[in-house]
Amino acid sequence: MKAAVRSKKSKGSFCHPPLLLLIVAIQFLVIYSPTLDQYMVMLTTGKPGFPSMLIDGRRSFKQVDEFIPEPHLRCDFRDNRSDVCEMEGAIRILGRTSEVFLVAPSLASISGGGGGGGVNATGVDANATRWKIQPYTRKGESRVMPGITEVTVRLVTADEAPPCDEWHDVPAIVYSNGGYCGNYYHDFNDNIIPLFITSRHLAGEVQLLVTQKQRWWFGKYREIVEGLTKYEPVDLDAEQRVHCYRRATVGLHSHKDLSIDPRRAPNNYSMVDFKRFLMWRYALPREHAIRIEDEEDKDKKPRLLVINRRSRRRFVNLDEIVAAAEGVGFEVTVAELDAHIPAAAAAVNSYDAMVAVHGSGLTNLVFLPMNAVVIQVVPLGRMEGLAMDEYGVPPRDMNMRYLQYNITAEESTLSEVYPRAHPVFLDPLPIHKQSWSLVKDIYLGQQDVRLDVRRFRPVLLKALHLLR
């Protein structure tokens with residue numbers, strides 16, 4: 001009887017060696033079955049048409065034998081904000097030489113240059129096989145672009161390309177973290193929003209290869225970066241290995257100052273989508289500002305944040321400004337916001353309106369709830385157009401309200417430095433034409449603001465009305 005029981009258990013066991021081998025073989029065929037192109041390689045050459053892989057646990061792998069598909073490349077050098085090349089195929093990236101190799105299966109694929117192999121480069125010689133890109137979104141700016149690392153995209157045969165050291169099964173984005181990095185406005189305008197445009201549709205399945213990488217920057221904006229990629233960004237300049245991909249983008253898409261054009265963005269992403277992305281990454285609780293006439297908000301005062309700058313373009317009569325705002329019905333706070341982004345984001349999100357003199361502090365408007373009111377105080381010096389482009393359009397694109405207050409000569413402390421007949425007051429245009437450095441020195445670097453609160457009061461009343 002005991003022997004019979006043991007025999008019955010052995011028949012029901014799943015540890016039979018031939019059966020295990022059969023299961024493993026079936027799994028391998030299902031997971032790693034070659035494509036039709038790969039079968040053709042096997043039939044015509046006798047070589048494996050699909051890669052032999054060693055998974056290393058980081059969604060990358062070593063590839064022993066590579067199938068080279070026809071390359072596909074599209075470069076756009078005509079955009080006035082940035083140059084971008086997008087490619088598919090066998091891509092090899094060598095960081096120490098700042099080169100991106102797009103490998104073609106044969107010389108015939110390259111012989112037509114830009115006209116063959118699915119290659120499409122706009123704004124350049126159609127027969128080129130080499131393109132140079134400075135992957136930063138301030139194209140044409142002589143003050144900053146000479147310092148941006150140049151990346152070379154090359155269309156080559158396998159013999160000309162370096163062998164792969166590490167394979168990745170996610171796309172790559174190559175861009176520069178240099179330029180104006182560290183300026184709060186430029187961090188968002190030149191890096192973060194273009195990164196969102198270029199990568200958000202990939203839902204984190206993308207690796208960033210960063211030239212001129214600033215480690216502290218990636219720490220400061222860690223929540224944003226980790227929302228865009230699931231993988232550690234690569235310091236491209238220090239990278240000795242050859243990284244290989246099937247898809248890559250060199251450069252970042254940029255549409256306009258501190259904003260997004262949904263017509264040009266993947267999935268028609270907009271600044272409202274970007275705002276909701278920030279709410280998710282920083283756990284911001286308020287999607288909408290107060291509605292004074294709503295039943296649940298009728299007993300609350302709208303909250304106004306006055307951002308005071310530490311250096312020039314400060315409010316010199318803060319007490320009067322606060323009293324005027326409280327007089328029309330706001331609960332007012334004056335603050336120099338925390339440099340720790342999560343703390344600053346949480347603070348700004350708790351307000352319904354914000355007022356600040358033109359400058360990087362206004363960048364915090366991205367954390368305000370929708371329907372909030374942004375008031376920009378524009379200093380003297382024909383700065384109205386610049387102020388509108390940088391901080392006037394973005395609030396409207398984020399479903400917020402925008403008010404602009406242009407100060408008079410009497411409200412500028414420049415009146416204490418220059419006589420009223422000076423060109424600084426009478427005709428700022430020649431100063432603009434002479435150099436941006438002079439504009440920056442005089443109108444942005446020497447000027448503080450003393451608001452005429454009687455003149456400013458109607459703006460506060462308008463802001464209050466917009467919150468009804």
Handout entry: Given (1) among the hydroxyl-bearing types (Ser, Thr, Tyr); (2) open to solvent by less than 50 Å² (accessible area, probe 1.4 Å); (3) in the same structural domain as residue 346 (by the TED database), index of the condition residue 311 fails
Key = (2)
Problem - Members of segment 286-322 that are closer than 20 Å to residue 465 by Cβ, in a helix (DSSP H, G or I) and in contact (Cβ under 8 Å) with a residue 24 or more places away in the chain - result: 321
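Counting only residues that are under 31 Å from the mean Cα position of the chain (by Cα) and open to solvent by less than 20 Å² (accessible area, probe 1.4 Å), which one in segment 445-468 is nearest to residue 294 (Cα to Cα)? Give the steps one after another, and end with the answer.
To start, the set of residues in segment 445-468 that are under 31 Å from the mean Cα position of the chain (by Cα) comprises 445, 463, 466-467.
Now narrow it down to the ones that are open to solvent by less than 20 Å² (accessible area, probe 1.4 Å): 463, 467.
On the way: 463: 17, 467: 10 Å.
Out of the qualifying residues, it is 467.
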Practice task
Kindly list, by first and then second residue, each pair from a residue in segment 384-410 that is under 11 Å from residue 358 (Cβ atoms) to a residue that is among the hydroxyl-bearing types (Ser, Thr, Tyr) and not in a helix (DSSP H, G or I), limited to pairs with Cβ atoms under 6 Å and residues at least 6 apart or on different chains.
Solution key: 392/402
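Can you say whether residue 350 is touching a residue at least 40 places away in the same chain (Cβ under 8 Å), surrounded by fewer than 22 Cβ atoms within 10 Å (Cβ to Cβ) and either more than 23 Å from residue 441 (Cα to Cα) or not assigned by the TED database to the domain that holds residue 321 (or both), as far as the supplied structure shows?
Values: touching a residue at least 40 places away in the same chain (Cβ under 8 Å): yes; surrounded by fewer than 22 Cβ atoms within 10 Å (Cβ to Cβ): yes; either more than 23 Å from residue 441 (Cα to Cα) or not assigned by the TED database to the domain that holds residue 321 (or both): yes.
So residue 350 fits the description; yes.
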Handout entry: Filtered residue count, segment 64-84, keeping only those that are open to solvent by less than 60 Å² (accessible area, probe 1.4 Å), at pLDDT below 95 and in contact with a Pro (Cβ under 9 Å, 6 or more places away or on another chain)
Key = 6
Problem - Within segment 330-347, tally of residues that are in a helix (DSSP H, G or I) and buried (at least 21 other Cβ atoms within 10 Å of the Cβ) - result: 2
Handout entry: Selection status of residue 208, surrounded by 20 or more Cβ atoms within 10 Å (Cβ to Cβ) and either part of a loop (DSSP other than H, G, I, E, B) or touching a strand residue (DSSP E or B) at 6+ places or on another chain (Cβ under 6 Å) (or both)
Key = yes
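Consider segment 227-282. How many of its residues are part of a loop (DSSP other than H, G, I, E, B), of a type in the set (Asp, Glu), more than 20 Å from residue 179 (Cβ to Cβ) and touching a Pro at 6+ places or on another chain (Cβ under 9 Å)? Break it down into steps so the answer makes sense when it comes.
The initial filter retains those residues of segment 227-282 that are part of a loop (DSSP other than H, G, I, E, B), namely 230-233, 239-241, 251-255, 257-258, 260-265, 269-270, 282.
Of the ones still in play, those that are also of a type in the set (Asp, Glu) are 232, 239, 257, 261.
Remaining after also requiring more than 20 Å from residue 179 (Cβ to Cβ): 232, 239, 261.
Filter once more, keeping what is touching a Pro at 6+ places or on another chain (Cβ under 9 Å): none.
Of the residues in that region, 0 qualify.
Could you tell me which residue of segment 314-329 is surrounded by the most Cβ atoms within 10 Å (Cβ to Cβ), considering only residues that are among the acidic types (Asp, Glu) and more than 21 Å from residue 378 (Cβ to Cβ)?
326
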Handout entry: First in segment 453-468 and assigned to a helix (DSSP H, G or I), second anywhere and open to solvent by less than 100 Å² (accessible area, probe 1.4 Å) and small (Gly, Ala, Ser), Cβ under 6 Å, 6 or more apart
Key = 453/324; 457/324; 460/325; 463/353; 464/329
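Which count do you get for residues in segment 376-399 that are open to solvent by less than 10 Å² (accessible area, probe 1.4 Å) and farther than 30 Å from residue 434 by Cα? Spell out the reasoning first.
So the first thing to find is which residues in segment 376-399 are open to solvent by less than 10 Å² (accessible area, probe 1.4 Å), and the list is 376-379, 381, 383, 387, 391-392, 394-395, 398.
When the remaining residues are screened for being farther than 30 Å from residue 434 by Cα, the result is 395, 398.
The qualifying residues number 2.
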Fill in the blank from the handout: Subset of segment 409-434, residues polar (S, T, N, Q) and either loosely packed, with under 11 Cβ neighbours inside 10 Å or touching a strand residue (DSSP E or B) at 6+ places or on another chain (Cβ under 7 Å) (or both), comes to 412, 434
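The values are calculated or read from the model by the stated rules, or taken from the named source; none is laboratory data. Since the structure is predicted, the reported quantities are computational estimates derived from the model, not experimental observations. So basically every Cβ, Gly included, is an ideal-geometry build from the backbone, and we count neighbours across all protein chains shown. Protein only, heavy atoms only, side chains kept; ligands, DNA and RNA dropped before computing areas. Shrake-Rupley method; radii C 1.70, N 1.55, O 1.52, S 1.80 Å.
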